[in-house]
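A.B. asks: Here it is: the structure, laid out below.
The values are calculated or read from the model by the stated rules, or taken from the named source; none is laboratory data. Just so you know, these numbers come straight off a predicted model, no measurement behind them. So basically every Cβ, Gly included, is an ideal-geometry build from the backbone, and we count neighbours across all protein chains shown.
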Amino acid sequence: MAETYGWAGKILRVNLTTGEITTEDDTKYHEYIGGMGMGYRIMYDEAPMDLDPYDEKTPIIFGVGPLTGSGVPCSGRMNVTFRSTWSKGKSIIDGHIGGHIGPMLKYAGYDGIVITGISSTPVYLRIEDDQVSLEDASAIWGKGTFASNKWLIEQTGREFESASIGPAGEHLVDYSTMNTSFGNSAGAGLGAAMGNKKLKGIAVRGTGSVKVADPQKVLELSNYMLGNLIGGNNNHNVPAQPQSWAEYSATSGKNRWSGAPGRMWKKAPGGPIDTGEQPYNDINKIALRCFKGYFDFGAPAAEYTVKNGGCSSCPIRCYTEYDIDPLADYDLPTHNSNTCMPVLYGDRVYPYGLHDFKYEGDAKLVINLAWAHAVDDMGVWDNYGNLNRDLQWFLNLPREEALKYVSAEEYDSLPWEWCKAGDPRWEVELIRRMAYGEGDLSVIAKGTLAMMEKFGLPKSWLDRDDGTTNSNLMYNGYPNHHGPAEAWQVGMLYNLVYNRDCMVHEIVCETGSGAPFEVTKKVMEDFFGEGCYDRAKAYTPINENKVKLAAYCVNDKNFHDSATLCNWMWPMTQSPSKERNYKGDLDLQADFMTAVTGETYTQASLQETGEKITQMLRAMTAISFQLNCGSANLRQEHDAICDWVFDKEPDFQAFEEGTTKLDRDDMKKAIDMFYTHYGWDLNTGVPTRETLEKFGLSDMADDLEARGIYSQSTAAAETTAE
């Protein structure tokens, strides 16, 4: 095997049915970068969409890219590719996980793990450099992720990194996760995919390193990035509170650069810490910027904060860690942490309201951190808030209406006295029932589509706009992820591409950055062209530069999940530096790729590779929709937009200042332009043969033709013409 830089150079293959463990050279996958791109190529080559997601031949593919483990800032990620059991089409999806396990896999000498087969008994995968084995996990089958990860480390050693599934995955609950030791999780149903294979977890120790082609250049680029470009979490480039060095503070008064003088970590070991000021060019204070707890909960967060934690090689410590001591009164764990959805919407399951616990205004914090710990421990995924929203919908129904969906016995067995008292044990009990699949209500954790089918809810149920409980942009069973309300037509377009919430943050990093609109608009238009960037609630009709920006977001995100970089922090679009006119450096990620791998990359070449991955995903999605939905017309079956997006806020007209609603004709034009940009058939949204061949994917084009999908495109065109 030739020496490579950046890449470890091999992947690990594990067959859980036979117990066979092998390795292979992975050079042929380098053209796909790694992570997501590698996972898609392996999935297509070895596990046709004809396979049921739970077939023993259907793989789970853990992948890391050349930048992970190299020391590049914000590169401690891992991508996991598998098949959906809960979203429309049962197509290809990914989970994404931070922490330290991705770099540790690289240190052990692997760019990925391909797991097939089904074990007859619970096992975990133990990796210590080239010593790899399947070990008995019967002792932790049935246990939560915190106890399981603790046990895995006790069995293997403190130098190991571990990740495991909880009861939700074991019971094949579609909304399930794999979690590392504290808070980092890969969702989208990965827990169920692993539970089906009886794979409880993974423990990894690597004593090697990642070979870097030009270490001095990596150091120079890192110092340049940290001293000039990096902002707060989600790359917010202006502090939320005024600081003496800063020209601007957040115009909204709130963003994730929330550290500031007087904002304290009051439970820090050794005494309270004042996060103080963090001049953008003082790299030793970067870790004080992201007081995510303050962003989420305001002043009460300071009373419970121990410190900020985060992922390998990342100075942005976005995981606020808490000691929520009031939870001890309910015999619940007090040490809690999370950074995203679990800390936002747990309070939605309390229709009777909340009460403060220890400090004024701390109700939402205490309840949401109890929720976060419980979902992490049970290995339950919230589908970017759909779990919370669907539960909220049900729990707000009058009893007589709720009994249309569950029995009186089940409804009355819920501990409503805890709900009415604002008791955190209420939410923990709901999560437990979801994780174990208990009762008819637990169908909510099988996904919105499964719930709608079981409860007999019509498709129009997703067309409602009730202000809180519906954010599904399409009819595919997953919600928007920073969609049109934050990114106009651009957000709608990039939400069309994936088979789960899109996980695209390229635009929300700008719209939520805190910088004045005129400053951000200039930066964005310098990069992406005039008219690409709109003011919030003052949207303009579609134009070519918006379409190009939407495609950039998709391709860039695909590169990040292949490299594997944190899409919450990359790319470096903006800067906190007044001297740079707040403009970032989009070429930086290509410069890092070149310095780490020794191969020449440009931003254009990374976009091309990202687009190749987009084309692979789209072709496989077309196949899976033909097999599972009876039609590969993705424009009709996959990309159809819910009516509420166009009909919301009836007192406003689209493009009128003050609304985020979209216009049907304008969006139809936008999709036409988006398809044209990508080389997809205008009637079906399927990549044309010419397009796939352009990206070296002629085998996929042959497959689409053999399946009659191109004939369907012709038929759709003829129907449209008639």
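A.B. asks: Just to be sure, is THR621 crowded, with 23+ Cβ neighbours inside 10 Å, of a type outside the set (Lys, Arg) and under 24 Å from the mean Cα position of the chain (by Cα)?
C.D. replies: Working: crowded, with 23+ Cβ neighbours inside 10 Å: yes; of a type outside the set (Lys, Arg): yes; under 24 Å from the mean Cα position of the chain (by Cα): yes.
It is true that THR621 is crowded, with 23+ Cβ neighbours inside 10 Å, of a type outside the set (Lys, Arg) and under 24 Å from the mean Cα position of the chain (by Cα).
A.B. asks: What about ASP323, is it under 17 Å from ILE273 (Cα atoms) and not hydroxyl-bearing (Ser, Thr, Tyr)? Give the derivation first.
C.D. replies: Working: under 17 Å from ILE273 (Cα atoms): yes; not hydroxyl-bearing (Ser, Thr, Tyr): yes.
Here the answer is yes, as ASP323 does meet what is asked.
Yes or no, residue by residue, for (1) touching a strand residue (DSSP E or B) at 6+ places or on another chain (Cβ under 6 Å); (2) over 30 Å from TYR533 (Cα atoms):
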| position | (1), (2) |
| --- | --- |
| ALA402 | no, yes |
| ASP412 | no, yes |
| ALA421 | no, yes |
| TRP426 | no, yes |
| LEU430 | no, yes |
| MET434 | yes, yes |
| LYS454 | no, yes |
| TYR475 | no, no |
| PRO484 | no, no |
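A.B. asks: Here is a follow-up. So ALA551 fits all but one of (1) farther than 19 Å from LYS612 by Cβ; (2) small (Gly, Ala, Ser); (3) within 24 Å of the chain's Cα centre (by Cα); what number is the exception?
C.D. replies: (1)
A.B. asks: THR691: in a loop (DSSP other than H, G, I, E, B), more than 25 Å from ASP534 (Cβ to Cβ) and either in contact with a helix residue (DSSP H, G or I) (Cβ under 8 Å, 6 or more places away or on another chain) or modelled with pLDDT under 95 (or both), yes or no? Please lay out each step first, then the result.
C.D. replies: Details: in a loop (DSSP other than H, G, I, E, B): no; more than 25 Å from ASP534 (Cβ to Cβ): yes; either in contact with a helix residue (DSSP H, G or I) (Cβ under 8 Å, 6 or more places away or on another chain) or modelled with pLDDT under 95 (or both): yes.
Against the criterion (in a loop (DSSP other than H, G, I, E, B), more than 25 Å from ASP534 (Cβ to Cβ) and either in contact with a helix residue (DSSP H, G or I) (Cβ under 8 Å, 6 or more places away or on another chain) or modelled with pLDDT under 95 (or both)), THR691 does not qualify.
A.B. asks: Could I ask something else about it? Please specify each residue of segment 45-66 satisfying the condition of being modelled with pLDDT under 95 and either crowded, with 24+ Cβ neighbours inside 10 Å or under 21 Å from GLY310 (Cβ atoms) (or both).
C.D. replies: Result: MET49, single match.
A.B. asks: Taking ASP376 as the residue in question, decide whether it is crowded, with 24+ Cβ neighbours inside 10 Å, within 25 Å of SER471 (Cα to Cα) and not aliphatic (A, V, I, L, M). Please lay out each step first, then the result.
C.D. replies: Working: crowded, with 24+ Cβ neighbours inside 10 Å: yes; within 25 Å of SER471 (Cα to Cα): yes; not aliphatic (A, V, I, L, M): yes.
Criteria met by ASP376.
A.B. asks: Tell me which of these ASP390 doesn't satisfy, since it passes every other one: (1) in contact (Cβ under 8 Å) with a residue 40 or more places away in the chain; (2) outside any helix (DSSP H, G or I); (3) not small (Gly, Ala, Ser).
C.D. replies: Only one criterion in (1) in contact (Cβ under 8 Å) with a residue 40 or more places away in the chain; (2) outside any helix (DSSP H, G or I); (3) not small (Gly, Ala, Ser) is unmet by ASP390, namely (2).
A.B. asks: Look at segment 359-373 and say how many of its residues are in a loop (DSSP other than H, G, I, E, B) and surrounded by 15 or more Cβ atoms within 10 Å (Cβ to Cβ).
C.D. replies: The initial filter retains those residues of segment 359-373 that are in a loop (DSSP other than H, G, I, E, B), namely 359-362.
Adding the requirement that they be surrounded by 15 or more Cβ atoms within 10 Å (Cβ to Cβ) leaves 359, 362.
Qualifying residue count for the region: 2.
A.B. asks: Within the set of pairs 6 or more residues apart or between chains, which connect a residue that is within 18 Å of GLN489 (Cα to Cα) and in contact (Cβ under 8 Å) with a residue 60 or more places away in the chain inside segment 543-566 to a residue that is in a helix (DSSP H, G or I) and of a type in the set (D, E, K, R) with Cβ atoms less than 9 Å apart?
C.D. replies: That search, which allows pairs on different chains as well, returns ALA551/GLU611; VAL554/GLU611.
A.B. asks: Where residues in segment 376-387 are farther than 13 Å from ARG348 by Cβ and assigned to a helix (DSSP H, G or I), which of them is nearest to the chain's Cα centre (by Cα)? Explain how you work it out, then say what you get.
C.D. replies: Step one: of segment 376-387, the residues farther than 13 Å from ARG348 by Cβ are 376-381, 383-384.
Subsequent filtering for residues that are assigned to a helix (DSSP H, G or I) retains 376-378.
Details: ASP376: 15, ASP377: 19, MET378: 19 Å.
So, considering only residues that are farther than 13 Å from ARG348 by Cβ and assigned to a helix (DSSP H, G or I), the one nearest to the chain's Cα centre (by Cα) is ASP376.
A.B. asks: Let me ask you something else. Mind listing whichever residues of segment 187-209 are farther than 26 Å from GLY439 by Cα and either among the polar types (S, T, N, Q) or not in a loop (DSSP other than H, G, I, E, B) (or both)?
C.D. replies: Of the residues in segment 187-209, the ones farther than 26 Å from GLY439 by Cα are 201-209.
The answer is GLY201, ILE202, ALA203, VAL204, ARG205, THR207, SER209.
A.B. asks: I've got another one for you. Across segment 561-593, what is the total count of residues that are under 18 Å from GLY37 (Cα atoms) and surrounded by fewer than 22 Cβ atoms within 10 Å (Cβ to Cβ)?
C.D. replies: Counting residues in segment 561-593 that are under 18 Å from GLY37 (Cα atoms) and surrounded by fewer than 22 Cβ atoms within 10 Å (Cβ to Cβ) gives 1.
A.B. asks: Answer with yes or no whether ILE286 is hydrophobic (A, V, I, L, M, F, W, C), within 25 Å of the chain's Cα centre (by Cα) and buried (at least 24 other Cβ atoms within 10 Å of the Cβ).
C.D. replies: Numbers: hydrophobic (A, V, I, L, M, F, W, C): yes; within 25 Å of the chain's Cα centre (by Cα): yes; buried (at least 24 other Cβ atoms within 10 Å of the Cβ): no.
No: the conditions fail for ILE286.
A.B. asks: Same structure, new question: Name the residue that is surrounded by the fewest Cβ atoms within 10 Å (Cβ to Cβ), counting only residues in segment 89-134 that are in a loop (DSSP other than H, G, I, E, B) and among the β-branched types (Val, Ile, Thr).
C.D. replies: Step one: filter segment 89-134 for residues in a loop (DSSP other than H, G, I, E, B), giving 89-91, 98-100, 108-111, 117-122, 129-130.
Keeping just the survivors that are among the β-branched types (Val, Ile, Thr) gives 118, 121.
Numbers: ILE118: 16, THR121: 10.
Among those that are in a loop (DSSP other than H, G, I, E, B) and among the β-branched types (Val, Ile, Thr), it is THR121.
A.B. asks: Right, here's the next one. Within segment 266-274, identify whether any single residue is under 24 Å from GLU247 (Cα atoms), surrounded by fewer than 24 Cβ atoms within 10 Å (Cβ to Cβ) and either at pLDDT 95 or above or β-branched (Val, Ile, Thr) (or both), and answer yes or no. Reasoning before the result, please.
C.D. replies: Within segment 266-274, the first condition is being under 24 Å from GLU247 (Cα atoms), and the residues that meet it are 274.
Pick out the ones that are also surrounded by fewer than 24 Cβ atoms within 10 Å (Cβ to Cβ) and you get 274.
Subset that is either at pLDDT 95 or above or β-branched (Val, Ile, Thr) (or both): 274.
Checked against the condition, which is being under 24 Å from GLU247 (Cα atoms), surrounded by fewer than 24 Cβ atoms within 10 Å (Cβ to Cβ) and either at pLDDT 95 or above or β-branched (Val, Ile, Thr) (or both), segment 266-274 yields at least one hit.
A.B. asks: If THR660 meets every condition in (1) touching a helix residue (DSSP H, G or I) at 6+ places or on another chain (Cβ under 7 Å); (2) more than 30 Å from SER75 (Cα to Cα); (3) modelled with pLDDT of 95 or more; (4) crowded, with 17+ Cβ neighbours inside 10 Å apart from one, which number is that one?
C.D. replies: With (1) touching a helix residue (DSSP H, G or I) at 6+ places or on another chain (Cβ under 7 Å); (2) more than 30 Å from SER75 (Cα to Cα); (3) modelled with pLDDT of 95 or more; (4) crowded, with 17+ Cβ neighbours inside 10 Å applied to THR660, the lone miss is (3).
A.B. asks: Out of all the residues in segment 53-70, which are touching a helix residue (DSSP H, G or I) at 6+ places or on another chain (Cβ under 6 Å) and either assigned to a loop (DSSP other than H, G, I, E, B) or of a type in the set (Gly, Ala, Ser) (or both)?
C.D. replies: Taking segment 53-70 first, the residues touching a helix residue (DSSP H, G or I) at 6+ places or on another chain (Cβ under 6 Å) are 54, 60-61, 63-70.
Residues satisfying the conditions are TYR54, GLY63, VAL64, GLY65, PRO66, LEU67, THR68, GLY69, SER70.
Residue-by-condition table, conditions (1) crowded, with 20+ Cβ neighbours inside 10 Å; (2) touching a strand residue (DSSP E or B) at 6+ places or on another chain (Cβ under 9 Å):
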{"site": "THR602", "(1), (2)": "no, no"}
{"site": "SER605", "(1), (2)": "no, no"}
{"site": "THR609", "(1), (2)": "yes, no"}
{"site": "LEU617", "(1), (2)": "yes, yes"}
{"site": "GLY630", "(1), (2)": "no, no"}
{"site": "GLU637", "(1), (2)": "yes, no"}
{"site": "LYS648", "(1), (2)": "no, no"}
{"site": "ASP651", "(1), (2)": "no, no"}
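A.B. asks: State all residues of segment 443-480 that are among the charged types (D, E, K, R), at pLDDT below 95 and part of a helix (DSSP H, G or I); if no residue qualifies, say none. Step through it out loud before you land on a result.
C.D. replies: To start, the set of residues in segment 443-480 that are among the charged types (D, E, K, R) comprises 446, 453-454, 459, 463-466.
Still in the list and also at pLDDT below 95: 459, 463-466.
Listed by number, the residues that qualify are LYS459, ASP463.
A.B. asks: Further question: Search segment 472-500 for residues that are at positive phi and in contact (Cβ under 8 Å) with a residue 24 or more places away in the chain and pair each with any residue that is basic (Lys, Arg) and in a loop (DSSP other than H, G, I, E, B) when their beta-carbon atoms are under 6 Å apart and the residues are at least 6 apart or on different chains.
C.D. replies: GLY477/LYS88
A.B. asks: Right, next: Restricting attention to segment 481-495, which residues are surrounded by fewer than 24 Cβ atoms within 10 Å (Cβ to Cβ) and assigned to a loop (DSSP other than H, G, I, E, B)?
C.D. replies: Keep residues of segment 481-495 that are surrounded by fewer than 24 Cβ atoms within 10 Å (Cβ to Cβ), which gives 481, 484-486.
Passing the criteria: only HIS481.
A.B. asks: Also, quick follow-up: Among the numbered conditions (1) within 19 Å of the chain's Cα centre (by Cα); (2) buried (at least 24 other Cβ atoms within 10 Å of the Cβ), tell me where GLY69 comes up short.
C.D. replies: Evaluating GLY69 over (1) within 19 Å of the chain's Cα centre (by Cα); (2) buried (at least 24 other Cβ atoms within 10 Å of the Cβ) leaves (1) as the failure.
A.B. asks: Which one is surrounded by the fewest Cβ atoms within 10 Å (Cβ to Cβ) among residues in segment 393-412 that are in contact (Cβ under 8 Å) with a residue 12 or more places away in the chain and outside any loop (DSSP other than H, G, I, E, B)? Explain how you work it out, then say what you get.
C.D. replies: Going through segment 393-412, the residues in contact (Cβ under 8 Å) with a residue 12 or more places away in the chain turn out to be 393-396, 399, 404-407, 410-411.
Now narrow it down to the ones that are outside any loop (DSSP other than H, G, I, E, B): 393-395, 399, 410-411.
Numbers: TRP393: 19, PHE394: 19, LEU395: 19, ARG399: 10, GLU410: 17, TYR411: 18.
Going through the qualifying residues, I end up with ARG399.
A.B. asks: Shifting gears a bit: Can you name the helices (runs of 4 or more DSSP H) wholly within segment 585-684 that have at least 1 residues being touching a Phe, Trp or Tyr at 6+ places or on another chain (Cβ under 8 Å) and among the aliphatic types (A, V, I, L, M)?
C.D. replies: Details: elements: 588-597, 603-629, 634-637, 644-647, 664-678.
Qualifying helices (runs of 4 or more DSSP H): 588-597, 603-629, 634-637, 664-678.
A.B. asks: Spot the failing condition for CYS509; the list is (1) in a loop (DSSP other than H, G, I, E, B); (2) in contact with a His (Cβ under 9 Å, 6 or more places away or on another chain), and only one is missed.
C.D. replies: Evaluating CYS509 over (1) in a loop (DSSP other than H, G, I, E, B); (2) in contact with a His (Cβ under 9 Å, 6 or more places away or on another chain) leaves (1) as the failure.
A.B. asks: Go over the candidates ILE165, ILE153 one by one and state the one that is out of contact with any Gly (no Cβ under 6 Å at 6 or more places or on another chain) and either buried (at least 23 other Cβ atoms within 10 Å of the Cβ) or in contact (Cβ under 8 Å) with a residue 24 or more places away in the chain (or both). Give the steps one after another, and end with the answer.
C.D. replies: Working: ILE165 fails: out of contact with any Gly (no Cβ under 6 Å at 6 or more places or on another chain).
Every option except ILE153 fails the conditions.
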